[in-house]
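For reference, the structure discussed in these notes is given below.
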Amino acid sequence: MKKRIAIIATAVIIVATLVVGGTLAFFTDKGTATNVITMGDVHITLTEPAFAEATSSTYQIANVMPNQQITKDPTITNTGSHDAYIRCKIAVTGLPKDDAETEYSPTRELLSGLNIDGNKWVRAADGYYYYQSVLPKKPADDVSAVKLFDTVTIPEQWDNTLVVDKDGFKISITAEAIQAENFTPHTTNDGTKDIIDGWNYSTGSAIEPQSAPTIDNLN
């Protein structure tokens, strides 16, 4: 079986800081790869250097087959002057909807083929993958970066009966950052250790970075 697959990254969106009641809100940053617009004091970039090189910066792969392993390396880099917590969200479009009767989910099957390190990243109930450490601010002579994953394996069960979108399917990654200083993320104990699973104000309400609309890097 051969199918056309488009695996993409979208544009980086930087979030402005807010002034509420005379105090600064948490510095945040949100983005998806390419076209950087910067505002605020927390800065990240999301790039896919190996995937860009492998696809000559088209971010598309055609004629994939079951069990094929594809290089895709969403890399979050802290380019700012503050240590930051990082979280990512993965969206898949172009695949058939889940089958409620059989509980078959092509999207879940595909996501299981991402080699995400479960010790570094934890998927929370809100759908975000939370990086379990602080990503340090940019060193003077080095790079501070972390990968969400670096390969995608096409499910071996997929065959010609799987009907995907005529333009293929897409995996889009969104990355967000929030200042580590004076901020404590929400944690839950899994029985052995505390895991980061949310960004909340002290009142318990979720912190949501504000951003301009996401921009695709494919026409």
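The values are calculated or read from the model by the stated rules, or taken from the named source; none is laboratory data. No experiment lies behind these values; they were computed from the predicted model shown. No Cβ is skipped: glycine too gets one built from the backbone with ideal geometry, and neighbour counts run over all protein chains shown.
See the values below:
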{"read-out": "Residues within region 49-63 that are buried (at least 20 other Cβ atoms within 10 Å of the Cβ) and in contact (Cβ under 8 Å) with a residue 60 or more places away in the chain, tallied", "value": "1"}
{"read-out": "Per-region count, region 176-194, residues in a strand (DSSP E or B), of a type outside the set (Gly, Ala, Ser) and touching a residue at least 12 places away in the same chain (Cβ under 8 Å)", "value": "4"}
{"read-out": "Lone unmet requirement of (1) at pLDDT 80 or above; (2) surrounded by 16 or more Cβ atoms within 10 Å (Cβ to Cβ); (3) of a type outside the set (Phe, Trp, Tyr); (4) under 24 Å from residue 133 (Cα atoms) for residue 40", "value": "(1)"}
{"read-out": "Among the residues listed as 151, 188, the single one being surrounded by fewer than 17 Cβ atoms within 10 Å (Cβ to Cβ), within 14 Å of the chain's Cα centre (by Cα) and modelled with pLDDT of 90 or more", "value": "151"}
{"read-out": "Residue 116 being part of a strand (DSSP E or B) and of a type outside the set (Phe, Trp, Tyr)", "value": "no"}
{"read-out": "Subset tally (residues that are surrounded by 15 or more Cβ atoms within 10 Å (Cβ to Cβ) and either of a type in the set (Phe, Trp, Tyr) or without any contact (Cβ under 8 Å) to a residue 12 or more places away in the chain (or both)) for region 84-102", "value": "1"}
{"read-out": "Residues satisfying the stated conditions in region 101-123, i.e. in contact with a Phe, Trp or Tyr (Cβ under 6 Å, 6 or more places away or on another chain) and more than 22 Å from residue 60 (Cα to Cα)", "value": "121, 122, 123"}
{"read-out": "Any hit, region 71-82, residues being out of contact with any helix residue (DSSP H, G or I) (no Cβ under 7 Å at 6 or more places or on another chain), over 25 Å from residue 54 (Cα atoms) and surrounded by 15 or more Cβ atoms within 10 Å (Cβ to Cβ)", "value": "yes"}
{"read-out": "Contacts under 9 angstrom Cβ, first residue in region 125-136 being closer than 8 Å to residue 85 by Cα, partner part of a loop (DSSP other than H, G, I, E, B) and hydroxyl-bearing (Ser, Thr, Tyr), 6 or more apart", "value": "135/144"}
{"read-out": "All positions within region 139-170 that are of a type in the set (Ser, Thr, Tyr) and part of a loop (DSSP other than H, G, I, E, B)", "value": "144, 161"}
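Condition check ((1) touching a Phe, Trp or Tyr at 6+ places or on another chain (Cβ under 8 Å); (2) surrounded by 13 or more Cβ atoms within 10 Å (Cβ to Cβ); (3) among the acidic types (Asp, Glu)) across all residues:
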{"residue": "127", "(1), (2), (3)": "no, no, no"}
{"residue": "134", "(1), (2), (3)": "yes, yes, no"}
{"residue": "162", "(1), (2), (3)": "no, yes, no"}
{"residue": "168", "(1), (2), (3)": "no, yes, no"}
{"residue": "178", "(1), (2), (3)": "yes, yes, no"}
